[in-house]
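K.L.:
Would you mind keeping the following structure in view while I ask a few things?
The values are calculated or read from the model by the stated rules, or taken from the named source; none is laboratory data. Model, not experiment: these values are computed from the prediction. Methodologically, a virtual Cβ is constructed for each residue, glycine included, from the backbone with ideal geometry; neighbour enumeration extends over all protein chains shown.
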Amino acid sequence: MMKVYFAPNSRAVRTVWLLEEIGQPYELERFTLGQKEMRGPEYARINPNGRVPTLIDGDVTISESTAIAQYIGARYAPELTPGPEAANFAMYLQWLHYAEGMIMPPINNYVVETILLPPDRRNEDNAKRALKLLNRTLGAAEAHMEGRDFMAGDFTVADTITGHAVMMSRRLGADFGNCPNLTAYADRLEARPAFKAAESA
């Protein structure tokens, strides 16, 4: 059985969500974000960066959330993974990688400046700049989602990655006032039973 090293409210939710979508059994090794064991020697042997998720599947260990999603899709969920022959292949790749390339960097900066740093070290200008950039990256996704229910047409692995980033953006206070497509999209994803199961894991 696969093992997922997991913490709530982290990118590890993406991995569990995908496994729930395809009905693949898994075992959770739970942390809380910031838990000292994540930086300890035992977990460092599995993931030297001390981050989650990490997936162990037999003799495979992999620890980047989008790479994990690609791996699971290729090995266990071809129905959610368009191949090179598919008309939506390029679109699928674009939106599979959009989260980590475009949405998550400003999210990371915003979270550091508003949550992780102690109040006396936070920089309001940096936080505003990160939120402005986040809203701009969401604008491209909003335009893309016009007339679509999911990122690449049908529901695919890309929705568990960039869709998750969209939902996290909304929860962090990104401006969804001019994003009716992303608002409907986030609502659609949050209603999925597999996502609800991952959030409550």
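K.L.:
Hey, can you tell me all the residues within the stretch 72-105 that are assigned to a helix (DSSP H, G or I), crowded, with 18+ Cβ neighbours inside 10 Å and among the hydroxyl-bearing types (Ser, Thr, Tyr)?
P.N.:
Residues satisfying the conditions are 92, 98.
K.L.:
While we're looking at this one, here's another question. Please give the number of the condition residue 146 fails out of (1) of a type in the set (D, E, K, R); (2) crowded, with 20+ Cβ neighbours inside 10 Å; (3) not in a helix (DSSP H, G or I).
P.N.:
(2)
K.L.:
What tally of residues in the stretch 153-201 results from selecting those that are closer than 14 Å to residue 137 by Cα, assigned to a helix (DSSP H, G or I), touching a helix residue (DSSP H, G or I) at 6+ places or on another chain (Cβ under 6 Å) and of a type in the set (A, V, I, L, M)?
P.N.:
Residues in the stretch 153-201 being closer than 14 Å to residue 137 by Cα, assigned to a helix (DSSP H, G or I), touching a helix residue (DSSP H, G or I) at 6+ places or on another chain (Cβ under 6 Å) and of a type in the set (A, V, I, L, M): 4 in total.
K.L.:
Within the set of pairs 6 or more residues apart or between chains, which connect a residue that is outside the structural domain of residue 98 (by TED's automatic domain parsing) and surrounded by 18 or more Cβ atoms within 10 Å (Cβ to Cβ) inside the stretch 53-66 to a residue that is assigned to a loop (DSSP other than H, G, I, E, B) and of a type in the set (A, V, I, L, M) with Cβ atoms less than 7 Å apart?
P.N.:
Close Cβ pairs satisfying both conditions: 54/46.
K.L.:
Taking interchain pairs and intrachain pairs at least six residues apart, which have beta carbon atoms under 6 angstrom, with the first residue in the stretch 1-25 and in contact (Cβ under 8 Å) with a residue 24 or more places away in the chain and farther than 23 Å from residue 78 by Cβ and the second of a type in the set (Phe, Trp, Tyr) and surrounded by 21 or more Cβ atoms within 10 Å (Cβ to Cβ)?
P.N.:
12/6
K.L.:
Can you confirm whether residue 38 is hydrophobic (A, V, I, L, M, F, W, C), modelled with pLDDT under 95 and out of contact with any Leu (no Cβ under 6 Å at 6 or more places or on another chain)? Break it down into steps so the answer makes sense when it comes.
P.N.:
On the way: hydrophobic (A, V, I, L, M, F, W, C): yes; modelled with pLDDT under 95: yes; out of contact with any Leu (no Cβ under 6 Å at 6 or more places or on another chain): yes.
Judged against the criteria, residue 38 is a match.
K.L.:
Here is a further query. How many of the residues in the stretch 32-66 are of a type in the set (Gly, Ala, Ser) and within 18 Å of the chain's Cα centre (by Cα)?
P.N.:
First, the residues of the stretch 32-66 that are of a type in the set (Gly, Ala, Ser): 34, 40, 44, 50, 58, 63, 65.
From what is left, the residues that are within 18 Å of the chain's Cα centre (by Cα) are 50, 63, 65.
Count: 3.
K.L.:
Which residues, counting only those in the stretch 155-175, are of a type outside the set (A, V, I, L, M) and either crowded, with 24+ Cβ neighbours inside 10 Å or in contact (Cβ under 8 Å) with a residue 40 or more places away in the chain (or both)? It would help to see each step written out before you state the result.
P.N.:
If we filter the stretch 155-175 for residues that are of a type outside the set (A, V, I, L, M), which is where we start, we get 155-156, 159-160, 162-164, 169-171, 173, 175.
155, 156, 159, 160, 162, 163, 164, 169, 173, 175 - these are the residues of the stretch 155-175 that are of a type outside the set (A, V, I, L, M) and either crowded, with 24+ Cβ neighbours inside 10 Å or in contact (Cβ under 8 Å) with a residue 40 or more places away in the chain (or both).
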